[in-house]
Amino acid sequence: MPKVTFVQFTGDSRTVEVPAGWTLMEAAVQNGVDGITAECGGGCACATCHVLVPPEWAARVPAIGPAENDLLECTAVPRTAQSRLSCQIQVSAALDGLTVNLPERQS
């Protein structure tokens, strides 16, 4: 099972095992990772599952779709080149070892 590490804004981190096919948002919520609010439950409608994907992982995660691109303009912390919505990143074996950073706040 792929492992993903969520790094809090404070620097604390938590590594969780994620079943292939789950999204990063589902993994965070199901494992009680603080910092992912996910108000819409993964419907790509709220931007409260904002994460920052390090550049070395950017080519391995799915491309940003139009809805995600629009919502990234509504994040509580300004969007960066690394910004993604964790509800739109489906975990696969190719993402084993992925580390994502969480912004200071989601709302």
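The number of residues in the stretch 48-82 being without any contact (Cβ under 8 Å) to a residue 40 or more places away in the chain and under 17 Å from ARG105 (Cβ atoms) comes to 11. Total residues in the stretch 1-44 satisfying the condition of being surrounded by 13 or more Cβ atoms within 10 Å (Cβ to Cβ), under 22 Å from SER107 (Cβ atoms) and of a type in the set (Val, Ile, Thr): the figure is 6. Here the stretch 10-34 is the region considered, the condition is being part of a loop (DSSP other than H, G, I, E, B) and in contact with a strand residue (DSSP E or B) (Cβ under 8 Å, 6 or more places away or on another chain), and the residue that is nearest to LEU102 (Cα to Cα) is VAL33. Restricting the stretch 60-107 to residues that are closer than 21 Å to TRP22 by Cβ and among the charged types (D, E, K, R), the residue that is surrounded by the most Cβ atoms within 10 Å (Cβ to Cβ) is ARG84. Applying the selection to the stretch 59-92, what residues are within 21 Å of VAL33 (Cβ to Cβ) and assigned to a helix (DSSP H, G or I)? If the condition is that a residue be within 21 Å of VAL33 (Cβ to Cβ) and assigned to a helix (DSSP H, G or I), then GLU68, LEU71, LEU72, SER86, CYS87, GLN88 are the ones that fit.
We did not get these values from a lab; they are worked out from the coordinates using the rules stated. For clarity, every value in this text was computed on a predicted model and none was experimentally measured. Cβ: placed from backbone, ideal geometry, glycine included. Neighbour counts: every protein chain shown.
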